[in-house]
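Values quoted throughout were computed directly from the atomic coordinates according to the rules given, and no laboratory measurement underlies them. Please read all numbers here as calculations on a predicted model, not as lab measurements. Counting neighbours? That spans all protein chains shown, and the Cβs are built from the backbone with ideal geometry, glycine included.
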Amino acid sequence: MKLTLKVWRQQGPNDKGGFATYQVEANEHMSFLEMLDVLNQQLIEKKEEPVAFDHDCREGICGACSMVINGQPHGPMQKTTTCQLHMRHFKDGDTIYIEPFRAQAFPVVKDLVVDRSAFDRIIQAGGYISVDTGQAQDGNAILIPKETASEAFDAATCIGCGACVAACPNASAMLFVSAKISHLALLPQGKIEASRRVQRMVKQMDEEGFGRCSNVTACEAECPKGISVSHIARMNREFLKSVFGAPEAV
Amino acid sequence: MKQLDGHIPPGPLKEKWTTYRSTMPLVAPNNKLRLDIIVVGTGLAGASAAASLAELGYNVKVFTFHDSPRRAHSIAAQGGINAAKNYKNDGDSVWRLFYDTIKGGDYRSREANVYRLAEVSANIIDQAVAQGVPFAREYGGYLDNRSFGGVQVKRTFYARGQTGQQLLLGAYQALSRQVSLGKVELYHRHEMLDVVLVDGKARGIIARNLLTGELERHAAHAVVLATGGYGNVFYLSTNAMNSNVTAAWRAVRRGAYMANPCFTQIHPTCIPQSGEYQSKLTLMSESLRNDGRVWVPKKVEDAEAIRKGLKTALDIPEEDRDYYLERMYPAFGNLVPRDVASRAAKRVCDEGRGVSPTGKAVFLDFATAIERYGQSKAHAFGIHQPDAATIRRLGEQVVEEKYGNLFEMYEKITGENPYKVPMKIYPAVHYTMGGLWVDYNLQTNIPGLFAIGECNFSDHGANRLGASALMQGLADGYFVLPYTIGVFLSNEIRTPRIATDLPEFEQTEQEVRTRLESLMQIGGSQSVESFHRRLGKIMWEYCGMARNAEGLRKGIQLIRELRKAFYKDVFIPGSMDEFNPELEKAHRVADFLELGELMCIDALHRNESCGGHFREEYQTEDGEALRNDEEYAYVAAWEWTDINQDPVLHKEPLVFENVELKTRSYK
């Protein structure tokens, strides 16, 4: 198949950037990133600079790949990362627009690569259970109902890619933040620090410049792991509890 | 050649670790605060080590070339993690896990290391649970287990098909907590390009800030490499695109020994290659072999018809199918170890019975499991004479609960629905048992330089069992290194903070700069990628699933020629002083071009077959690996000399005091 690509090129964070147009020949068995590999080989052969994009595992789990494809983070397929998107979902002659994830809190590094270290700082603010190595009791001493473990697991499958932020008109990170808060708040091990955790993580989220949630729910629709917005509801509940509930050091 | 000493503590096997741990020199808490440690890599081993060391009080600097520690390739591990908990009451024990691992590794690993690994395995599960890792549970709230290859008990803990992700996030969160407490300094998008030795001890690294291209010096009292394996030397593997050998290889170039580099694990269940453009291969978890049955048609004509698209799997009647693993290895059936399953797949495909257009695929069929689960579920629902459609629907539900994400991934990649038609799978490079030589303390032969996780060679011998990589990475990071590094550091409490303006730092940085400059200056016409692909083909052809002396010699020759061509004609766009992924790749491929030759040299020297190392000249009558314990029961540790010169072989004899060396049998 012959494709026309309109790819966002931007030298660095301070460059204005703009679309460049390329023609590329692909086949339907390729993944989207393999199609971009083909483009980059063409560019290198012409001694031009290849398009920079983040990628690593190429099996949909590391969360490195990003990019907005025809206006949608990770492209048109639901619950699919860019690396798992295959070209059989496009047609010969298509024009495809490819842009970086856009958000104030995700500054562009180069071309399609953005800086998502804000996510790490939010986890550092409290996205953990305070347990040192060696302190743990027997794993079966903490019984967790199957349904609870399963719900916590669903939240914990977030890959930290940032598609939720890119999809949100407010560039809100609430799906990402709530997934971690929900995962840990659901489990008995995580309840002890729940108030402190939600306070700290929400504060960090605000400081990083992410917007607020206004219930658009585009985040859930675009999330490659199908993380539910019900976690945002739980986060809000946890937050209110932490404000109006029993006082706890923050 | 010298004989290497693994520094294995004396005493009976069962007491070695406990006694050693209780009597080893310690570093007092106030002294820990004055000691600095560099950890390179943030996968399971690196993140767990960095967090645990910081909790003890050491000052830790941790480096990752990713944009976040959570992207390390441990995240992609699917199936599970082993632990000798015996929760299933099925006869598991520390001894049995130890024995299975030694046997699975075809008697090419150290008894003492493996026993220690089995001992601490149970603590890992406890630690992970305490961190909030959502392992699969039963209805009563207890932890669930499943079974993996090469064993006859259920000891594998799992979190659906994303166990690696959940365990890594646990370690990442522990690490993040130490970052917030100021005990860990995190350097993301930084790649280690060399290790700095001062007076023969590892005292720091040279790292490149990948965003700016700037070279930085970082000093510490000790350096820990947790940089994973080198499977990407084959270009196509289940490793992530950026996984590489550079950190380990640079240590080798500074004098560290590389042990058993030819021991590569070819995983039997991967999605077959579909074209020349392909950039990587995707694993389908071994856990699928709990329920999937592997088969090919009995008749070559049927296989041909399938390849041409004239027939599908569903057209082949039961009696014309060859469930070859069940036929050849009735005791373990579809759950034989990976090396055995891979070779069997290669054999049936070589016979012309492969089922994809390339002829390189076998079926992994879930129909029997769907039927069985469907019957059982119908019974549980009180449906006494369920029709076929009901059974199917209920059975598919159970299979989805167990393997849903894997089935989904398969469908995304291939466009075929594995609930309806059997999966097609073929072996692919997955893991490297070889790695930096380390002693019982996980220290390389360079004092102060440690290697943990897949980066070292220590625990899996010539073949790793499924669900043991996560176990080893976390054992090293949480429960072994935090103790054993103290043996070295207890002698360093009087060493002041290491300065980065020492001449050794100056010189090493200059050498790195020169190396990068010379790569940039080649200014040839071929892309890095094209060299990497060619190297991968040579490795797969001559140092892959089956090897022979003639092929290996040819492989070495071809690699040398390719390396020459690389240094004459590679082209790297952009400049050194900026974000330049092509330059990163070029440096990694340059190192692979040296490692690949060493792997062939190692494979050529080992005149026996064992585990994943199958030399065609050494096989039994029915095609099984034929070991030579008289001459090769040792670890081959290679010392680098110079480019195009033979490396020097050092041997660490493997002494088996507790297990009897037998021919592995899974029949």
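With a Förster radius of 45 Å applied to the C-beta separation of residue A:21 and residue B:514, the computed FRET efficiency comes to 0.70.
May I ask you to derive the relative contact order of region B:509-653, considering only C-alpha pairs under 8 Å and at least 6 residues apart, and to give it as an integer percent? Relative CO of region B:509-653 lands at 23 percent. Which one, A:96, B:101, B:153, is farthest towards the positive end of the dipole of the protein assembly as shown when Lys and Arg carry +1 and Asp and Glu -1 on their Cβ? Of the candidates, B:153 comes out farthest on the positive side. Compared with the alpha-carbon gap, the fully stretched path from residue B:564 to residue B:351 is longer by 72.9 nm at 0.36 nm per residue.
Binning the C-alpha pair distances of chain A at 10 Å intervals from 0 yields a P(r) profile of 7, 28, 31, 19, 11, 4, 0 %, listed from the shortest bin outward. Less than 5 angstrom separates the built amide H of residue B:524 from those of B:570, B:571, B:572, all sequence-distant by 5 or more or on a different chain.
Largest GNM mean-square fluctuation across A:168, A:83, A:57, computed for chain A with C-alpha springs under 10 Å, falls on A:57.
Mean separation of Cα pairs under 8 Å and 6 or more residues apart, divided by the residue count, gives chain B a relative contact order of 21 percent. Within the same chain, aspartates and glutamates fewer than 8 places from residue B:183 are excluded, and of the rest, those with a Cα less than 18 Å from its Cα are A:120, A:132, B:36, B:55. Computed from the C-alpha gyration tensor, the three semi-axes of the ellipsoid equivalent to the protein assembly as shown are 35, 35, 32 Å, from longest to shortest. Relative contact order, whole percent, for chain A stands at 19, derived from Cα pairs under 8 Å and 6 or more residues apart. Given the -39500 (n - 2.57) contribution per DSSP H run of 4+ residues, what per-residue ellipticity at 222 nm results for the protein assembly as shown, rounded to the nearest 500 deg cm²/dmol? So the helix-based figure for the protein assembly as shown works out to -11500 deg cm²/dmol. Taken about its Cα centre, region B:468-540 carries a charge dipole of roughly 380 debye when the Cβ of each Lys and Arg holds +1 and the Cβ of each Asp and Glu holds -1.
Computed with the Debye formula from one identical point scatterer per Cα of region B:208-260, without solvent, the log10 of I(q)/I(0) at q = 0.16, 0.17 Å⁻¹ comes to -0.65, -0.73. Given the C-alpha centroids of region B:486-552 and region B:624-667, what is the distance between them in whole angstrom? Cα centroid of region B:486-552 versus Cα centroid of region B:624-667: 25 Å apart.
For region B:93-236, the Kirkwood estimate of the hydrodynamic radius, built from every pair of different alpha carbons, is 19.0 Å. The separation of region B:250-320 from region A:36-65, counted between C-alpha centres, amounts to 26 Å. Would you mind checking region B:342-369 for residues with the amide N under 18 Å from a putative spin-label position 7 Å along Cα→C-beta of residue B:554? Those under the cut-off are B:350. Here the label points at residue B:274 and residue A:104, each 7 Å from Cα along the C-beta direction, are separated by 4.2 nm in the simple model.
Counting only alpha carbon atoms, the long axis of helix A:32-45 and the longest principal axis of chain A meet at about 50°. Scanning residues 5 or more positions from residue B:436 or on other chains, those with amide H under 5 Å from its amide H are B:259, B:456, B:457, with H placed 1.01 Å from N in the peptide plane. The residue among B:367, B:413, B:278 whose Cα reaches farthest toward the positive pole of the charge dipole of region B:267-429, with charges on the beta-carbon of Lys, Arg, Asp and Glu, is B:278.
For residue B:204, the residues 5 or more places off, or on other chains, whose built amide H falls under 5 Å of its own are B:196, B:220.
Projection of the Cα convex hull of region A:165-241, averaged over all directions and equal to a quarter of that hull's surface, yields 4.8 nm². Here the Debye sum runs over all C-alpha atoms of region B:408-451 as equal scatterers in vacuum, and log10 of I(q)/I(0) at q = 0.17 Å⁻¹ comes out as -0.60.
Assuming charge only on the beta carbon of Lys and Arg (+1) and of Asp and Glu (-1), the dipole of the protein assembly as shown about its Cα centre is about 1240 debye to the nearest 20. Taking 1.306 mPa s as the viscosity and 10 °C as the temperature, the Stokes-Einstein diffusion coefficient of region B:267-429 based on its alpha-carbon Kirkwood radius rounds to 97 µm²/s. Applying the Kirkwood pairwise sum to the alpha-carbon positions of region B:509-653 produces a hydrodynamic radius of 16.9 angstrom.
Each Lys or Arg adds one and each Asp or Glu subtracts one; over the other residues with Cβ under 11 Å from the Cβ of residue B:272, this totals +2. A Förster radius of 22 Å combined with the Cβ-Cβ distance from residue B:331 to residue B:397 puts the calculated FRET efficiency at roughly 0.10. With all pairs of separate Cα atoms included, region A:2-110 yields a Kirkwood hydrodynamic radius of 14.3 Å.
Quote the charge dipole size of region B:267-429 about the Cα centre in Debye, to the nearest 20; the model charges only the Cβ of Lys and Arg (+1) and of Asp and Glu (-1).
The calculated dipole for region B:267-429 is roughly 300 debye.
Once the convex hull of all Cα atoms in chain B is built, its volume per residue stands at 154 Å³.
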